[in-house]
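*Asks:* Have a look at the structure that comes next, please.
Every number here is computed from the coordinates shown, using simple stated rules; none is lab data. Just so we're clear, the structure is a prediction, and the values are computed from it rather than from any experiment. Because the Cβ atoms are built from the backbone with ideal geometry, glycine has one as well, and the counts that use them run over all protein chains shown.
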Amino acid sequence: MASTPTVSGDILAKYEPVIGLEVHVQLLTASKIFCSCSTRFGDSPNTNVCPVCLGLPGALPVLNRKAVEFAALAAMALECRVNRVSIFARKNYFYPDLPKGYQISQYDKPLAEFGFIDIDVNGGKKKIGITRLHLEEDAGKSLHEGFADSAHKTAIDLNRTGVPLAEIVSEPDMRSAEEAYEYLTRLKEIILYTGVSDCNMEEGSLRCDANISVRPRGQKEFGTKTEVKNVNSFRFVKQALEYEIERHIEVLESGGKIAQESRLYNSHEGRTYGMRSKEQAHDYRYFPEPDLLPLVVDEKWQAAIRASLPELPEARRQRMIKEYGITAGDAHTLTLTRAMADQFESAARGAKNPKRVANLVQSELLGRLKAQGLELDQSPISMAGVTTSADLVESGAISGKMLKDLYDLCFDRAQDFAAVYEAEGRPEQSRDTSSLEKLADELIAANPKQVEQYRAGKKTMIGFFVGQVMKASKGQANPQLVNEILTKKLEG
């Protein structure tokens, strides 16, 4: 395994990283951006193709209206200005999986510009600018096989050619790998809320290129940058940036110069490798796409698109904190996905105590789902079931221990809470005062030392006695009633 650069903290502190990210998001349309071929992932190679996406002579592109609407919706969610007029351009370069010899993209007149994302940094907020969001078509995919032996070969799958992408280019506003990770997390969260992409990195629906340079702290000019291409997880983006920051500093400290180049990250070795030089900017010879008219998204169309914009994660969190009396931590967990937030709110609105519903989702439901490797939509306990259980605890009908036991049965039987509760005979906490008083008397008599500590001022000993009564009653006693009885007897 190659050695990772190791730079002391004092030397690291002398430099400031400058990071910008380019993120490609595949839009969730059923057909490609300029033809009617399917965008379905996983089909047999070269089956979702036609003369347009194969670049055959005489074939003309026709713009997919839904792709425009999805890209504009994403731009609005990212606080971008959607331009009334944007222009498609031909980006000319050769690559084996680019059948036309050029890519239809947007250049100097993109769909949207001047957006931002607020990220959490050291307990506060930091604004990361978004330079632009533009539409473009994806290229195909090269499949390399057998490079370990002499019979290596490369095959081309053009199913992905022409799949619609929104490229989101940030300003170079990030100053650490942690900030880049936070930016990507917030970006993905916002895009998922809009529903314009599934952001599945394993299937290539979200891909990230990271630009990184370092400069002495206080210097205004940027250093020489390198670009880390096609990193397929946010964790690996963070690791690649951490490696590159230290590598840049190590080179500069030893008197060397950073080569401007594209690099690839090897996650197994935890390091990057040079891929190709970028000393000279590529001359893509952009020029307006002659087969497509200027794209006009007028005020009326923009208003219709904006009307479909959902409540976004941060705004939803703030509203839920006020509306349901939950903590910021609760709100963050419960809004990680739009589906979870929707389900929680539908449950919380009908619950006696929304805060208890929030606690049960996090402490009882999500923990069990994670332990069994299940997603929320695979949960045997519905949000309605969580509400029912929360109301039973709130009314004192069942104890916390009884709820845990019932939840365990729900997961064992793959049944919802209501069905298990009925099957178990609708168990309830014991409110038999006489039997609880008898239990309390027996425990007080059996634990004179603890009684003496309580009466000497150590009031926290009440917890010991409550726990013993709950244990003796096998969790069937009402804790509040037990506490009242024990307090009265111990004080007496």
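*Asks:* Excluding same-chain residues fewer than 8 positions from Lys153, which lysines have a Cα within less than 17 Å of its Cα?
*Replies:* Lys141
*Asks:* Let me ask another. Quick one: compute the contact order of the chain, relative version, from alpha carbon pairs under 8 angstrom and 6+ residues apart, as a percent. Intermediate results must be reported in sequence, preceding the final value.
*Replies:* On the way: 862 pairs, mean separation 69.2, N = 492.
Normalised by residue count, the contact order of the chain is 14 percent.
*Asks:* Would you mind classifying region 112-187 by shape? Square roots of the alpha carbon gyration tensor eigenvalues, ordered a ≥ b ≥ c; an a/c under 1.5 is rounded, otherwise it is prolate if a/b is larger than b/c and oblate if not. Kindly include the intermediate steps, with their values, before the conclusion.
*Replies:* Numbers: a/c = 4.42, a/b = 1.95, b/c = 2.27.
Because a/c hits 1.5 or more and a/b fails to exceed b/c, region 112-187 counts as oblate.
*Asks:* Rg and Dmax of region 1-108, using alpha carbons, in Å: what are they?
*Replies:* Cα only, region 1-108: 20.2, 62 Å (Rg, Dmax).
*Asks:* OK, next. Between region 34-90 and region 387-455, how far is it from one alpha carbon centroid to the other, in angstrom?
*Replies:* Answer, in whole Å: 59.
*Asks:* Using DSSP, restrict attention to beta bridges with both residues in region 9-301 and report what percent are antiparallel, rounded to the nearest 5. Could the numbers behind the result be given before it?
*Replies:* On the way: 60 of 62 bridges.
About 95 percent, rounded to the nearest 5.
*Asks:* Can I ask one more? Can you list, bin by bin at 10 Å, the percent of alpha carbon pairs in region 433-491, starting at 0?
*Replies:* For region 433-491, the pair-distance distribution reads 24, 62, 14, 0.
*Asks:* A further question on this structure: On a straight-distance basis, which lysines could pair with Lys109 in a cross-link, Cα separation under 19 angstrom, same-chain partners fewer than 8 positions away excluded?
*Replies:* Correct list for Lys109: Lys91.
*Asks:* Among rounded, prolate and oblate, which fits region 311-401 when a ≥ b ≥ c are the square roots of the eigenvalues of its C-alpha gyration tensor, a/c under 1.5 means rounded, and a/b larger than b/c means prolate?
*Replies:* Values: a/c = 1.86, a/b = 1.17, b/c = 1.60.
Because a/c hits 1.5 or more and a/b fails to exceed b/c, region 311-401 counts as oblate.
*Asks:* Right, something else. Need one word for region 9-64: rounded, prolate or oblate. Basis is the Cα gyration tensor (sqrt eigenvalues a ≥ b ≥ c); a/c below 1.5 gives rounded, then a/b vs b/c decides.
*Replies:* Details: a/c = 3.72, a/b = 2.98, b/c = 1.25.
Prolate, since a/c reaches 1.5 and a/b exceeds b/c.
*Asks:* Report, in whole Å, the centroid distance computed from the Cα atoms of region 339-385 and region 102-171.
*Replies:* 35 Å
*Asks:* If I take R0 = 30 Å and measure r between the Cβ atoms of Ile156 and Phe287 in this structure, what FRET efficiency does the formula 1/(1 + (r/R0)^6) give, to the nearest 0.05? Write out the running numbers ahead of the final one.
*Replies:* Working: r = 26 Å, r/R0 = 0.87.
Approximately 0.70, to the nearest 0.05.
*Asks:* If the reach is capped at under 20 angstrom between alpha carbons, list the aspartates and glutamates near Lys300, excluding any in the same chain fewer than eight residues apart.
*Replies:* Here the aspartates and glutamates satisfying the reach criterion relative to Lys300 are Glu69, Glu79, Glu113.
*Asks:* Additional query: Can you give the helix-only mean residue ellipticity at 222 nm for the chain, where every DSSP H stretch with n ≥ 4 adds -39500 (n - 2.57) and the sum goes over all residues, rounded to the nearest 500 deg cm²/dmol? Write down the numbers at each step before the final one.
*Replies:* Values: 17 runs with 187 residues, N = 492.
For the chain, the value works out to -11500 deg cm²/dmol.
*Asks:* Only Cα pairs under 8 Å and at least 6 apart count here; give the relative contact order of region 9-301 as a rounded whole percent.
*Replies:* Working: 642 pairs, mean separation 71.7, N = 293.
With pairs under 8 Å counted, the relative contact order is 24 percent.
*Asks:* Something else about it: Below 8 Å, C-alpha to C-alpha, sequence gap of six or more: please give me the relative contact order for region 313-423 in percent.
*Replies:* Values: 108 pairs, mean separation 24.1, N = 111.
This gives 22 percent for region 313-423.
*Asks:* Please compute the Kirkwood hydrodynamic radius over region 9-301, one decimal place, Å, based on all pairs of different Cα atoms. Write down the numbers at each step before the final one.
*Replies:* Details: mean 1/r = 0.0493 Å⁻¹.
For region 9-301, inverting the mean 1/r across all distinct Cα pairs yields 20.3 Å.
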